[in-house]
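Trainee: For reference, the structure I am asking about is given below.
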Amino acid sequence: MNLERVTDRQRPMRILYFHQYFSTPDGAAGTRSYEFARELVRRGHQVIMVCAAAERSSVLPAASGKEGVRRGQIDGIDVIQLNLDYSNHLSLPQRTWLFARFAWSSIRLAFREKHDVLFATSTPLTAALPGIVRKMLGAKQPFVFEVRDLWPELPKAMGVVKNPIVLRMMSMLEWLAYHYADACVGLAPGIAEGIRRRAPVGRRIEMIPNACDLELFHPGKRSDLKLPGIEPTDFVAVFCGAHGMANGLDAALDAAGVLRRKGRTDIKLVFIGDGRLKPSLVARAQREQLGNCLFFDPMPKRRLAEVLGASDVGLMLLADVPAFYHGTSPNKFFDYIAAELPVLNDYPGWLAGLIEENRCGIAVPPAQPEVFADALERLSENAAGRCEMGRQARRLAEQRFDRLRLAADFGNLLESVRDNGIPGKAVNSC
């Protein structure tokens, strides 16, 4: 009797997935890992997600299992949550110590939990250590490493890390990650190229950017905004994300000052999120009487979708650091365009190019508050043009950054790496 052969691609696998900042849509952090893990579960695979507790993640609120570890099922994902509380307000030494503790616990789990593929996503760069250590000790299971930010290039460019010994150690860890990984994923063109510069010749490298959740984010009604300090006739420009050194939010406050001097109190700049610089930003706004700047706490993803859908424009802001130009893939950009928001971008690079090519917003040069303010005024006074930009934004989201398609690309990658013989393809050019 002839029996149909079951191929490797059809055989379920166990993926041990390390993401320190894993979050669900009930939290106020990015949900890329949740969405990609759900795609793997849909394909019949088992996903063991290892993460840490975080103030915005909302993963496993009730402890279960061993002391110091919570374990439970979330939408078919087997989640192991280490009780290592992370906050954006931690100092660099505190964060470094937390990263080291998470890495040590992750290495131990990598040897205890059976798996067919080990996947780790940064940041921090120490997320790669479970895969590196297992490979150094002769493990046969494939290791795939995802790079969300190039380290140590970005911390060095920002001046956050200056100690040459620390930078050298980070550079060595980066080299080890790229050399021991069977495949690498970069979230932006510059990240993929940065991996290629240091990885062995022939290493499989794929560019899978952040994605748009087209079901959760969509245009809404102004009545859904429900934020204090905003009138129905106000023009609302919203920023959502971290309030840190990398985000360059002082540029928006500079523009707010220009608008205030012009008497444009009807243009409101809304900041949603948290971070080490938030208290100083709030204090500056109060000191300079910038009543057109409103600050709100981080919101669960579902509530954020309502706010974005009811706003007028999304603010894509970053510090003017050349390493950011092609080396970042900010979640907020993809949420904006999914919500049919035109985007106002204040730094050059691949996202500015996307905005201009697809006519879905305005890209302004950095450190020019008058130009920034003028762009906001032009957007506020041209409702028809703004709506057309929004439609172009949603079209871009649907055609190139649909979460379902990119999650499928991710699933195909892990399956083909497990199959250990399907050749890699060229880096995507999204």
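Trainee: Could you derive backbone 3J(HN,Hα) for segment 206-222 from the dihedral phi with the Karplus parameters 6.51, -1.76 and 1.60 (θ = phi - 60°), listing whole Hz in sequence and x where the residue is Gly or Pro?
Mentor: Values, residue by residue: 10, 9, 10, x, 4, 10, 9, 8, 6, 8, 7, 9, 6, x, x, 10, 4 Hz.
Trainee: Then there's this: If amide hydrogens are placed 1.01 Å from N in the peptide plane, which non-local residues have theirs closer than 5 Å to the one on F22?
Mentor: Here the answer is A52, since their amide H atoms fall under 5 Å of that of F22.
Trainee: Can you work out the FRET efficiency for the pair S280 and D26, with r the C-beta to C-beta distance and R0 = 30 Å, to the nearest 0.05?
Mentor: Once the sixth-power term is evaluated, E becomes 0.50.
Trainee: Placing +1 at every Lys and Arg Cβ and -1 at every Asp and Glu Cβ, with all other atoms neutral, what dipole size does segment 222-400 have around its Cα centre, in debye to the nearest 20?
Mentor: With only Lys, Arg, Asp and Glu charged at Cβ, the dipole is about 340 debye.
Trainee: Of K221/K268; K162/K278; K226/K268; K156/K332; K226/K332; K278/K301, which pairs sit farther than 22 Å apart, going by alpha carbon to alpha carbon?
Mentor: K162/K278; K156/K332
Trainee: Using 1/(1 + (r/R0)^6) with R0 = 30 angstrom and r between the beta carbons of W104 and H218, what's the FRET efficiency to the nearest 0.05?
Mentor: Computed FRET efficiency for W104 and H218 comes out at 0.10.
Trainee: Residues of segment 325-354 with backbone nitrogen within less than 15 Å of a virtual label 7 Å along the Cα-to-Cβ line of D402, please, listed as ranges.
Mentor: The answer is 338, whose backbone nitrogens lie closer than 15 Å to the label point.
Trainee: Select from G244, I230, V201 the residue farthest towards the positive end of the dipole of the chain; place +1 on Cβ of Lys and Arg, -1 on Cβ of Asp and Glu, and compute about the Cα centre.
Mentor: Final value for the positive-end residue is V201.
Trainee: Could you list which residues have their amide H under 5 Å from that of V185, counting only those 5 or more apart in sequence or on another chain, with H placed in the peptide plane?
Mentor: Correct list: F145, E146, V147, E206.
Trainee: Using the Kyte-Doolittle scale, find the helices of the chain whose mean hydropathy is at least -1.0 and whose Cα atoms extend 20 Å or more along the helix's long axis, counting only whole DSSP H runs.
Mentor: Passing helices, by number: 92-112, 164-180, 403-419.
Trainee: Also, quick follow-up: Quick query: amide H of G361 versus all other amide H atoms, modeled in the peptide plane; which residues come in under 5 Å with a sequence gap of 5 or more or a different chain?
Mentor: Amide H to amide H, under 5 Å and 5 or more residues apart or across chains, G361 pairs with V343.
Trainee: Ok, one more. With a 10 Å radius around each residue's Cβ, average the other Cβ atoms per peptide and rank 392-398, 95-101, highest first.
Mentor: Going by the mean number of other Cβ atoms within 10 Å, highest first, we get 392-398, 95-101.
Trainee: So for the chain, averaging the separation of alpha carbon pairs under 8 Å that are six or more residues apart and normalising by length, what relative contact order in percent results?
Mentor: 16
Trainee: Place the peptides 162-170, 12-20, 36-44 in order of packing, highest mean first, counting for every residue the other Cβ atoms within 10 Å and averaging per peptide.
Mentor: Highest mean packing first, the order is 12-20, 36-44, 162-170.
Values in this text are rule-based calculations from the coordinates and carry no lab data. Keep in mind that what you see is a predicted model, and the values were worked out from it rather than measured. Because the Cβ atoms are built from the backbone with ideal geometry, glycine has one as well, and the counts that use them run over all protein chains shown.
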